[in-house]
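*Asks:* The structure is given below, and queries will be raised subsequently.
The values are calculated or read from the model by the stated rules, or taken from the named source; none is laboratory data. What you see is a predicted model; the values in this text were computed from it and never measured. Ideal geometry is used to build each Cβ from the backbone, glycine not excepted, and the neighbour counts take in all protein chains shown.
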Amino acid sequence: MKVLVVGGGGREHALAWKLAQSPKVQQVYVAPGNGGTAMDPELVNVPITDIAELRRWAAAEKIVVTVVGPEGPLAAGIVDEFRAHNMRIFGPTRAAAQLESSKAFSKAFMKRHGIPTAAYDTFSDVGAAHAYVDRMGAPIVVKADGLAAGKGVVVAMSLAEAHEAIDFMLLDNALGVSHNAGVDGLAVPRVVIEEFLQGEEASFIVMCDGKHVAAMATSQDHKRLLNGDAGPNTGGMGAYSPAPVVTAEVHARAMREIILPTIRGMEKDGIPFTGFLYAGLMIDAGGHPRTLEFNCRMGDPETQPIMMRLKTDLLDVMLAATAGQLDNIELEWDRRPALGVVMAAAGYPHAPRKGDVITGLPKDADDVMVFHAGTVEKDGAILSAGGRVLCVTALADSVKQAQQHAYDAARSIHFDGMQYRHDIGFRAIKPTGRAE
Ligand code: AMP
Ligand code: GLY
């Protein structure tokens, strides 16, 4: 069987790598892929990003199932397009993808269905937004309503920061957020302003077929650029699985209070959710999980350690998930933890530099994989081509050992200006957390 993975990041490299391990898979294609998927003899890159063109290509190639990595094509309706031509694809429709693509939609959805989240209000009027912030006080969180590649959230510790964020997002639209059309059909800039929540974050990711749910292994990522979770927010500088903060009790609560009501709520609202559903949780000291955000896809870099731990044949899982039969699937996980360290380009996250030559890549192994993200292959060499360049991921008997193995591999790799954190996993390895 031929399968297609849509996307070109580390998440897609990991999904494609896992799919290629299925004995039933004849070929895995990745569109558009990256330097790592280009070099992998098991994978073939397809240089198509236009959705209709990709659907025609997939039909001509007799692709059995398509798996979508990033939110962009989902929000643009790739699932609707493939399904309209009776092609199997795993992901949410454009309408269901609003859980991620519109903060205003997802907050209103959570309120309507009683799903625990921060108290909030939505604004398109600048004056009203400023007045609200003055009334509520700091710290407070300002979020652009629209896809902003992880840059649309300002956690304001002072009122001045909150006011600045409102002007930045509403007046200038300096983020270039593609704002969603409101109920009146007008695409006006909007922000969600919400209560600041305290606790520890975790990524709670499940697969849904519209009705049934299968939970992925738990994970946590590090969103900040610098050691100690300091510095600017990024797409994620590293991740590990499992997440110790998600105890069996927190897991049960997240399923009962967040995931299942979301799936039932979407069904009730007439937009059943299919695909990966990622709830970003804030878990307070009492083990009470609340939803910070929904993503309608897997996390990047969470996917990389999660895929290294998955023992079940991913093709079987995808076939069941696209047939409404996830209840027949038992996901099996390697008991060993996995941990991935992201190596980012000079200037990331604000202005990543491209074109640096990457050397010293270790040979892939079952327990240490270098998943590529922003890379391209050129004349047999691998060059950086994006902000997050590589995710060095290791599987070992403990988080500490996985951390050591990942950093050992990372140390052999070089490209000019590379930056990576030295403490990925520290919340799961107390007390010192450092591997080097
Ligand atoms: P989001 O894209 O909504 O997940 O926000 C990005 C990051 O901002 C999250 O991972 C949190 O670290 C932080 N954040 C978002 N909302 C809140 C909140 N209500 N309280 C505290 N931190 C938040
Ligand atoms: N690692 C966070 C995300 O994928 O959104």
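*Asks:* Please enumerate the residues belonging to the range 29-67 that are within 25 Å of residue 383 (Cα to Cα), in a strand (DSSP E or B), touching a residue at least 24 places away in the same chain (Cβ under 8 Å) and of a type in the set (Val, Ile, Thr).
*Replies:* Of everything in the range 29-67, just one residue is within 25 Å of residue 383 (Cα to Cα), in a strand (DSSP E or B), touching a residue at least 24 places away in the same chain (Cβ under 8 Å) and of a type in the set (Val, Ile, Thr), namely 30.
*Asks:* Which of the numbered conditions does residue 334 fail, given that it passes all the others? Conditions: (1) among the acidic types (Asp, Glu); (2) surrounded by 17 or more Cβ atoms within 10 Å (Cβ to Cβ); (3) touching a Lys or Arg at 6+ places or on another chain (Cβ under 6 Å).
*Replies:* (2)
*Asks:* For the range 207-222, how many residues meet the condition of being touching a helix residue (DSSP H, G or I) at 6+ places or on another chain (Cβ under 8 Å), in a loop (DSSP other than H, G, I, E, B) and not hydroxyl-bearing (Ser, Thr, Tyr)?
*Replies:* Filtering the range 207-222 for residues touching a helix residue (DSSP H, G or I) at 6+ places or on another chain (Cβ under 8 Å) gives 207-220.
Checking which are in a loop (DSSP other than H, G, I, E, B) leaves us with 210-212, 216-218.
Of the ones still in play, those that are also not hydroxyl-bearing (Ser, Thr, Tyr) are 210-212, 216-217.
Residues that pass the stated criteria total 5.
*Asks:* I'm checking my understanding of the structure. Among residues of the range 284-302 that are more than 10 Å from ligand 2 (Cβ to nearest atom) and assigned to a loop (DSSP other than H, G, I, E, B), which one is surrounded by the most Cβ atoms within 10 Å (Cβ to Cβ)?
*Replies:* Taking the candidates together, the pick is 296.
*Asks:* Looking at the range 1-16, I want the residues that are free of Cβ contacts under 8 Å to residues at least 12 places away in the same chain and in a helix (DSSP H, G or I) and have a partner that is of a type outside the set (Ser, Thr, Tyr) and crowded, with 24+ Cβ neighbours inside 10 Å with Cβ atoms under 6 Å, at least 6 apart or on another chain. Which pairs are those?
*Replies:* Matching pairs, first to second residue: none at all.
*Asks:* Of all the residues that make up the range 1-18, how many are away from ligand 2 (no atom under 16 Å from the Cβ) and over 24 Å from residue 52 (Cβ atoms)?
*Replies:* Of the residues in that region, 2 qualify.
*Asks:* Additional query: Scan 219, 203, 178, 241 and give me the residue that is at pLDDT below 95 and polar (S, T, N, Q). Walk me through how you get there before you give the answer.
*Replies:* Working: 219 fails: at pLDDT below 95; 203 fails: at pLDDT below 95; 241 fails: at pLDDT below 95.
From the options 219, 203, 178, 241, the qualifying one is 178.
*Asks:* Among (1) in contact with a strand residue (DSSP E or B) (Cβ under 8 Å, 6 or more places away or on another chain); (2) under 29 Å from residue 267 (Cα atoms); (3) outside any loop (DSSP other than H, G, I, E, B), where does residue 132 come up short?
*Replies:* It is condition (2) that residue 132 fails.
*Asks:* Could you list, ordered by first residue, the pairs with Cβ atoms under 6 Å in which the first is in the range 299-322 and at negative phi and the second is within 14 Å of ligand 2 (Cβ to nearest atom) and part of a helix (DSSP H, G or I), at least 6 apart or interchain?
*Replies:* Within 6 Å, the pairs are 300/10; 300/11; 301/10; 303/11; 303/14; 304/10; 304/14; 307/14.
*Asks:* Give all pairs with beta carbons closer than 8 Å in which a residue from the range 216-237 that is more than 17 Å from residue 152 (Cα to Cα) meets a residue that is part of a loop (DSSP other than H, G, I, E, B) and among the hydroxyl-bearing types (Ser, Thr, Tyr); count only pairs at least 6 apart in sequence or on separate chains.
*Replies:* So the pair list comes out as 237/420.
*Asks:* State all residues of the range 231-257 that are out of contact with any helix residue (DSSP H, G or I) (no Cβ under 9 Å at 6 or more places or on another chain), closer than 24 Å to residue 91 by Cβ, within 16 Å of ligand 1 (Cβ to nearest atom) and outside any loop (DSSP other than H, G, I, E, B); if no residue qualifies, say none.
*Replies:* Hit for the range 231-257 is 254, nothing else.
Residues are listed down the side, and each one gets a yes or a no for (1) of a type in the set (A, V, I, L, M); (2) buried (at least 20 other Cβ atoms within 10 Å of the Cβ):
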position	(1), (2)
89	yes, yes
101	no, yes
124	no, no
165	yes, yes
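*Asks:* Next question, about the same structure. Residue 308 fails exactly one of the following numbered conditions: (1) part of a helix (DSSP H, G or I); (2) more than 20 Å from residue 82 (Cβ to Cβ); (3) out of contact with any Ser or Thr (no Cβ under 7 Å at 6 or more places or on another chain); (4) of a type in the set (A, V, I, L, M, F, W, C). What is the number of that condition?
*Replies:* (3)
*Asks:* Follow-up. List the number of the failed condition for residue 118; all other conditions in (1) free of Cβ contacts under 8 Å to residues at least 60 places away in the same chain; (2) under 18 Å from residue 281 (Cα atoms) hold.
*Replies:* With (1) free of Cβ contacts under 8 Å to residues at least 60 places away in the same chain; (2) under 18 Å from residue 281 (Cα atoms) applied to residue 118, the lone miss is (1).
*Asks:* Enumerate the strands (runs of 3 or more DSSP E) found wholly within the range 321-436, keeping only those where 2 or more residues are hydrophobic (A, V, I, L, M, F, W, C).
*Replies:* Working: elements: 338-344, 368-372, 375-378, 381-384, 388-395.
Where strands (runs of 3 or more DSSP E) fall fully within the range 321-436 and carry at least 2 residues being hydrophobic (A, V, I, L, M, F, W, C), they are 338-344, 368-372, 381-384, 388-395.
*Asks:* Name, by its number, the condition in (1) out of contact with any helix residue (DSSP H, G or I) (no Cβ under 9 Å at 6 or more places or on another chain); (2) closer than 17 Å to residue 206 by Cβ that does not hold for residue 225.
*Replies:* Condition not satisfied by residue 225: (2).
*Asks:* Have a look at 305, 349 and point out the one that is at pLDDT below 95, within 16 Å of ligand 2 (Cβ to nearest atom) and not hydroxyl-bearing (Ser, Thr, Tyr). Working first, answer last.
*Replies:* Numbers: 305 fails: at pLDDT below 95.
Step by step, each of 305, 349 is checked, and only 349 is at pLDDT below 95, within 16 Å of ligand 2 (Cβ to nearest atom) and not hydroxyl-bearing (Ser, Thr, Tyr).
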